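Undergrad: Please see the structure below; I have some questions.
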Amino acid sequence: MPLRSVRLPFAILALAALSACASAPPTATASAPWPEERPDPDLQEAVEKAARGFDGRVGVYVRHLPTGRTAAIDADSLFPTASTIKVPILVATMAAVERGDLGWDETLVFRESLAYDDHGLVGLLRDSARVTVHRLAEAMLSASDNNASLWLQDLSGGGARLNEFLSARGYAGTRMNSRTPGRRADWERYGWGQTTPREMARLFREIVDADVDVVSPAADEEMHRTLTRTFYDDELVGTVPPGVQVASKQGAVSDSRSEVAYVHAPSGPYVIAVFTDGQTDTGWETDNPGWELIRQIGEIAWRAFEPSSDWRPAPGGERFRLGE
């Protein structure tokens with residue numbers, strides 16, 4: 001069933017306007033060049049050692065932005081996004097706000113027809129409950145609420161419009177598949193969305209850094225703030241001291257685990273993206289090999305870029321990890 005929303009107070013007119021402009025080409029600006037990439041043999045060896053013997057495909061991209069020190073494994077290969085596709089949905093939502101098609105503090109009305117699952121709070125709302133756009137965005141990113149995400153995907157113009165935006169900015173591999181015309185075969189292979197480790201790391205870098213605007217300076221700052229408030233801090237976020245700010249998004253489906261992060265490290269920021277696919281272990285325990293690999297590579301990056309740091313996770317922290 002197509003997603004529908006009831007908007008206050010001009011629901012029909014607002015959604016009609018959104019539909020009418022859905023085919024218009026998105027506004028995009030050229031991306032600023034990355035700092036020069038400099039492959040780091042020691043970092044590369046450590047990352048490859050961590051991934052060796054993993055029962056499934058592994059994609060990694062790690063880059064220290066001030067120095068360009070880089071390590072990568074299949075960084076340009078396609079992987080399922082799982083919930084990391086919610087970052088492009090956030091971008092599309094902010095673009096809709098910038099166009100005036102949505103208001104950040106606009107009130108929406110939830111209907112039972114919008115419920116997708118009971119994972120998260122939005123799907124548990126009663127019919128006719130009121131919720132603002134910014135609260136949906138917070139639920140989508142912080143709690144990875146699927147109901148909020150699909151609602152915002154629809155309100156921001158749908159998957160086709162988002163894919164046009166990504167293509168215009170030079171993202172060749174990152175695409176929305178679910179509920180997007182013409183992408184059924186991709187949906188069957190990759191699920192909700194698809195991306196590469198390098199491209200998702202690039203998107204985080206463009207959102208956070210001031211030398212390029214993904215939407216606008218103000219919208220990018222708000223996206224950055226939202227991405228720093230994740231509920232799921234057990235993998236990459238947990239590999240750095242709690243006083244270090246991290247913008248991140250996690251994703252998981254049965255045979256795939258993923259996480260992308262922009263770490264504001266003392267020696268300078270670094271981006272890290274880890275994706276898996278085709279895992280034999282599809283369990284949801286906290287020691288799933290995909291999540292363990294993400295932690296290992298996060299620890300490797302922190303030690304490589306902050307060699308003078310003596311911080312280590314406190315003993316017993318595994319008690320607070322969140323499975324499913």
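Where a number appears in this text, it was derived from the coordinates with a stated rule and is not lab data. These numbers were taken from a predicted model, which means no experiment stands behind them. Neighbour counts run over all protein chains shown; Cβ positions are idealised from the backbone, glycine included.
Undergrad: Given the Cα-Cα distance of Phe231 and Val109 and 0.36 nm per residue of separation, how much length would full extension add, in nm?
TA: 41.4 nm
Undergrad: Still on this structure, I have one more. Note down the relative contact order for the chain as a percent, whole number, built from C-alpha pairs under 8 angstrom at least six residues apart.
TA: About 22 percent, as a whole number.
Undergrad: What is the stretch 112-220's relative contact order, in percent, from Cα pairs under 8 angstrom and six or more apart in sequence?
TA: Value for the stretch 112-220: 15 percent.
Undergrad: Could I ask something else about it? What do you get for trypsin sites (Lys or Arg not before Pro) in the stretch 116-172 restricted to DSSP loop and a cutoff of at most 16 other Cβ within 10 Å of the site's Cβ?
TA: Arg126
Undergrad: Quick check: the distance between the Cα centres of the stretch 33-57 and the stretch 79-117, to the nearest angstrom?
TA: Answer, in whole Å: 33.
Undergrad: Could you work out the relative contact order of the stretch 167-311? I mean the mean sequence separation of Cα pairs under 8 Å and 6+ apart, divided by the number of residues, in percent.
TA: 18 percent
Undergrad: What distance in nm separates the simple spin-label points at Asp118 and Gln245, each placed 7 Å from Cα in the Cβ direction?
TA: Calculated label separation equals 3.8 nm.
Undergrad: For the chain, what does the helix formula give at 222 nm: sum of -39500 (n - 2.57) over DSSP H segments with n ≥ 4, over the residue count, nearest 500 deg cm²/dmol?
TA: -10500 deg cm²/dmol
Undergrad: Have a look at Ala261, Ala143, Ala273 and tell me which one the Gaussian network model of the chain (Cα, springs below 10 Å) gives the largest fluctuation.
TA: In the Gaussian network model the winner is Ala143.
Undergrad: What list of whole percents do you get for P(r) of the chain, with Cα-Cα distances grouped in 10 Å bins up to the one holding the largest distance?
TA: 6, 27, 35, 22, 8, 1
Undergrad: For the charge dipole of the chain, defined by +1 on Lys and Arg C-beta atoms and -1 on Asp and Glu C-beta atoms about the Cα centroid, which residue among Gly59, Ser142, Val246 has the Cα displaced farthest towards the positive pole?
TA: Of the listed residues, the answer is Ser142.
Undergrad: For a test of the definition: using alpha carbon positions, the gyration tensor, and the 1.5 limit on a/c, classify the stretch 86-233 as rounded, prolate or oblate.
TA: Since a/c reaches 1.5 but b/c is at least a/b, the shape of the stretch 86-233 is classed as oblate.
Undergrad: Efficiency by 1/(1 + (r/R0)^6): what FRET value for Ser267 and His224, r their Cβ-Cβ distance, R0 = 25 Å, to the nearest 0.05?
TA: Once rounded, the FRET efficiency stands at 0.80.
Undergrad: According to the square roots a ≥ b ≥ c of the eigenvalues of the Cα gyration tensor, what is the shape class of the stretch 75-166, taking rounded for a/c under 1.5, prolate for a/b larger than b/c otherwise, and oblate for the remainder?
TA: oblate
Undergrad: Something else about it: Which residue, chosen from Asn177, Ala261, Gly317, occupies the Cα position most advanced towards the positive end of the dipole of the chain, where the dipole is computed from +1 (Lys, Arg) and -1 (Asp, Glu) charges on Cβ about the Cα centre?
TA: Of the listed residues, the answer is Asn177.
Undergrad: Mind listing the phi-derived Karplus ³J(HN,Hα) values for the stretch 271-276, rounded to whole Hz, using 6.51, -1.76 and 1.60 with θ = phi - 60°, and x for any glycine or proline?
TA: With coefficients 6.51, -1.76 and 1.60, one gets 10, 8, 9, 10, 10, 10 Hz.
Undergrad: Now a separate question. Determine ³J(HN,Hα), in whole Hz, for all residues of the stretch 244-260 in sequence, where each value follows from phi through the Karplus function 6.51 cos²θ - 1.76 cosθ + 1.60 and θ = phi - 60°; x replaces Gly and Pro.
TA: My calculation for the stretch 244-260 gives 9, 6, 9, 9, 8, 8, 10, x, 7, 10, 3, 10, 8, 10, 8, 7, 10 Hz in order.
Undergrad: Another question about this same structure. In debye, nearest 20, what is the charge dipole magnitude of the stretch 180-225 about its Cα centre with +1 on Lys and Arg Cβ and -1 on Asp and Glu Cβ, if you could check?
TA: Here the size comes out at about 380 debye.
Undergrad: Rounded to the nearest 20 debye, what is the charge dipole size of the chain about its Cα centre when +1 sits on each Lys and Arg Cβ and -1 on each Asp and Glu Cβ?
TA: 700 debye
Undergrad: Computed FRET efficiency, Cβ-Cβ of Arg312 and Arg38, R0 30 Å: what is it to the nearest 0.05?
TA: About 0.60, to the nearest 0.05.
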